[in-house]
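Let me begin by presenting the structure, written as C-alpha cells, before commenting on it.
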Amino acid sequence: MGIWDRFTTLLKSNINDLISRAENPEKMLDQIVVDMRSQLQKAKQQVAAAIADEKRLKDQAEAEYKAAQDWEQKAMLAVKEGRDDLAKQALVRQSEHYAHGQQLEATWQAHQAETEKLKNSLRDLNDKIEEAKRKKNLLLARQRRAQAQARIN
C-alpha cells in the first residue's frame, strides 16, 4: 500500500469518525423511518382519495346509462302513443346520456388503472419501510458490536 493510499484511508476514517461523533446514527435512522412513515401516510391518503374518485366516476357513468335506458323507454312509450315528436326528443336525450356515460366510463377506466399504480406504489413503499426498519436494526447491532469490540481492545 503506497503512501497516497494510506493517507486516503486515514483521511476517510477520520472524516467518518467526525461524522459519527457529530451525529447519533440511531437518531438519524429513526428519523429516516419516521419520514418514510409520514410519506406512507400521505400516500395512503392519496390512494383513498383516488379510490373515492374512482367510485364516484363509476357511479356517475352508471347513472348516465340508467338515464339513457329511461329515455329509451320514454321514447318507446311515446311511439306506442303515436307521439313521434316526443319519441324523437326522447331518443336525442337517450343518445346524449349514453354518450356522456361512455365518456365517464372511459375516464373511470383510465382512473382505475392509475389507482392500481398508486396501490402498487403504496405496497412498494410499505415494503421499503419494513426493509429500512430491518436494516436499521442490523446497523444498530453492528454499531453496538463495534463499540463493544472497541471497549474490549
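The values are calculated or read from the model by the stated rules, or taken from the named source; none is laboratory data. Fair warning: this is a prediction, and the values are worked out from it, not measured in the lab. Virtual Cβ from ideal backbone geometry, glycine too; neighbours counted across all protein chains shown.
Points worth noting:
- Any chance Glu64 is crowded, with 17+ Cβ neighbours inside 10 Å, part of a helix (DSSP H, G or I), over 27 Å from the mean Cα position of the chain (by Cα) and not aliphatic (A, V, I, L, M): yes
- Any hit, segment 87-100, residues being within 29 Å of the chain's Cα centre (by Cα) and assigned to a helix (DSSP H, G or I): yes
- The residues of segment 19-52 that are modelled with pLDDT under 85 and either touching a helix residue (DSSP H, G or I) at 6+ places or on another chain (Cβ under 8 Å) or farther than 18 Å from Leu139 by Cα (or both), listed by number, are Pro25, Glu26, Leu29, Asp30, Ile32, Val33.
- If the condition is being over 13 Å from Ala113 (Cα atoms) and touching a residue at least 12 places away in the same chain (Cβ under 8 Å), then segment 41-56 contributes Ala43, Lys44, Gln46.
To keep it simple, each residue is scored yes or no on (1) in contact with an Asp or Glu (Cβ under 9 Å, 6 or more places away or on another chain); (2) modelled with pLDDT of 95 or more.
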site	(1), (2)
Ala61	yes, yes
Lys66	no, yes
Gln69	no, yes
Arg83	no, no
Glu105	yes, yes
Asn120	no, no
Asn137	no, no
Ala141	no, no
Asn153	no, no
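- Residues (of a type in the set (S, T, N, Q) and either farther than 16 Å from Lys27 by Cβ or surrounded by 11 or more Cβ atoms within 10 Å (Cβ to Cβ) (or both)) located in segment 134-153: Asn137, Gln143, Gln149, Asn153
- Residue match in segment 42-55 (condition: out of contact with any Leu (no Cβ under 6 Å at 6 or more places or on another chain), more than 22 Å from Gln31 (Cβ to Cβ) and crowded, with 17+ Cβ neighbours inside 10 Å): yes
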